[in-house]
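The values are calculated or read from the model by the stated rules, or taken from the named source; none is laboratory data. Computed from a predicted structure; not experimentally measured. Note that we place each Cβ from the backbone using ideal geometry, even for glycine, and neighbour counts take in every protein chain shown.
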Amino acid sequence: MHNQRCYGCYRPIDRCFCSNIPRIENKTRILILQHMRERFHPFNTARIVRRALSNSDLIAQHSGQLKETLSAFDFSSGTGLLYPGDNAKPLDDLKPSERPTQLIILDGTWHHAKTLIRDIPKLQSVPRYSFSSKEPSRYRIRREPHLECLSTIEATVAALQSLEPETIGLNSLLAAFDFMIDNQLASPMSDYGARRIHRKSTLGSGVPKMIRDHLDKIVVVYGETMPGIQRDLAISNSDTATQDSQWPCYWTAERLVTGEKFESAIRPEGKLSSAFLGHLELSESVFSEAPPLKEVSKSWQLFLRPGDHLAFYYSNIAKLLSKLMSDDVPLIHLKSVRMMSSKNKTLEHVLSDLNLEPASHRFAGRAGKRLASTYALVQYLHACGKNGQQE
C-alpha cells in the first residue's frame with residue numbers, strides 16, 4: 001500500500017484527496033506550461049488546477065519541445081502571460097473589455113519560469129499581467145524564495161478572482177489545497193517524513209554563529225576586479241600591463257539589518273575597454289568621474305563599525321579587501337559553509353539549486369546583481385540556522 005498512488009492527485013492512495021477537488025466552470029481559458037522537473041513532483045499543484053478547471057489545459061515538455069508545440073498556437077490579442085515585472089499590468093486595474101480571454105501560467109520554480117521565457121521567444125511577445133498577493137503563501141510543505149511568492153494553484157485562483165470574481169468554486173479549490181497540506185503535515189510517516197524521523201536533522205548545521213545569531217553585525221560585500229594582463233578584457237593603456245589583477249575597480253556593500261549601503265567605482269589608471277565595461281554592465285562615465293582608490297578606501301573604513309563581519313561568496317573578494325583596508329575585520333566566506341554543496345558552482349547556480357530568488361538589486365551593474373544574490377544567500381542561511389536551533 002505504501003507505494004501505491006492515485007494518479008489523479010499523485011498522492012499515496014491513503015492520502016488521496018481527489019474527492020475534495022471541485023469542478024469549476026471558468027470563463028478565462030487557463031493554459032499551464034509546466035517545466036518537466038515539476039511533472040512528477042508529489043506536491044505539484046498544477047495537476048490540481050487542471051483537474052478542477054473545465055476550461056484549462058496543461059502541457060509538460062522540455063523547453064525545446066514547448067517551443068515547437070507553441071508555434072502552432074494562436075496567441076491572439078486576448079492572450080496574456082501571468083508573470084510579474086515592471087511592464088506587467090495589474091489584473092485588478094483592467095476594465096472588463098481589457099481582460100485577457102486566455103491566461104498562460106508557468107509552472108515551476110522561478111528559475112524554471114525564467115528559463116521557459118528565455119528559451120521560448122513566443123512568450124516574450126505576449127502581454128504580461130500580475131496581481132497583488134494579499135497574504136503569504138499557504139504552501140508550508142515546499143519552500144518559496146520570498147514570502148510573497150505563491151504556488152501555481154494560489155496564483156491561478158488569485159488571477160481568476162480578479163478576472164471573474166463571480167465564478168463559483170474558487171475558494172473550494174483553495175480548500176482542497178489546504179486539505180492536501182494539512183493531510184501531509186499530519187502524516188509523519190509519509191514518503192518524506194519517514195526518512196526525516198530516522199535521520200538526525202542537519203538543518204542549520206554549519207551555519208556560522210554570527211549569521212545565525214548576530215545578523216545586525218553582518219555586512220555583505222562584493223567587488224569587481226581591475227582587469228589584468230592575462231585577460232583580453234584589459235585596460236586599453238599599455239603602461240598598465242603589469243598592474244596587479246586583484247586591484248578593485250568597483251565596490252559594493254550592504255548592512256543586513258539596517259539596509260545601509262556603500263557603493264563606489266574606483267578611478268582606473270587608464271581607459272577601460274568597451275568590452276570590459278560591457279562585462280561589468282557599467283558605463284565609462286561611472287569610472288571617469290570616480291574617486292581614486294585612496295579616497296574610496298578612506299570612505300569604506302568610515303562605513304565599517306566595530307564588530308562588523310563581512311560576508312562574501314567569491315574567493316577573490318578577500319584579496320580586494322586587502323587593498324581597501326588595513327584593519328583586520330572578520331570575514332565569512334560563504335562558499336566554505338559546511339551545509340552548502342557549492343564546490344565549483346557560481347553564486348547564481350547555488351541560488352538556483354536552493355530555489356532562491358534575490359530581491360531587486362539596489363546597485364548598478366553586475367555587482368548589484370551579485371550583491372543581491374549574496375544578500376539572499378545570507379538571509380537563507382540565517383533562517384536555516386534559526387530553524388535548526390528550534391528542532
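For the reader, a short list of remarks on this structure follows.
- In segment 221-229, the condition of being buried (at least 18 other Cβ atoms within 10 Å of the Cβ), at pLDDT below 90 and over 21 Å from residue 300 (Cα atoms) is met by at least one residue.
- Residue list for segment 289-299, filter: among the polar types (S, T, N, Q) and either free of Cβ contacts under 8 Å to residues at least 12 places away in the same chain or surrounded by 15 or more Cβ atoms within 10 Å (Cβ to Cβ) (or both): 297
- When 352, 285 are checked against the criterion of being assigned by TED's automatic domain parsing to the domain that holds residue 380 and at pLDDT 90 or above, 285 stands alone in meeting it.
- The residue that is nearest to residue 212 (Cα to Cα), counting only those in segment 319-349 that are in contact with a Ser or Thr (Cβ under 6 Å, 6 or more places away or on another chain) and modelled with pLDDT of 80 or more, is 335.
- Qualifying residue in segment 143-153 (condition: assigned by TED's automatic domain parsing to the domain that holds residue 264, surrounded by 19 or more Cβ atoms within 10 Å (Cβ to Cβ) and either modelled with pLDDT of 60 or more or not small (Gly, Ala, Ser) (or both)): no
- Taking segment 13-70 as the range and being assigned to a loop (DSSP other than H, G, I, E, B) and of a type in the set (A, V, I, L, M) as the test, only 21 passes.
- Within the set 302, 371, 321, the sole residue that is in a helix (DSSP H, G or I), closer than 17 Å to residue 218 by Cα and either of a type in the set (Gly, Ala, Ser) or without any contact (Cβ under 8 Å) to a residue 12 or more places away in the chain (or both) turns out to be 302.
- Segment 49-73 residues that are more than 17 Å from residue 30 (Cβ to Cβ) and buried (at least 16 other Cβ atoms within 10 Å of the Cβ), paired with ones that are at pLDDT 85 or above and of a type outside the set (S, T, N, Q) (beta carbon under 8 Å, 6 or more apart): 63/116; 63/119; 63/120; 67/119; 67/120; 67/121; 67/122
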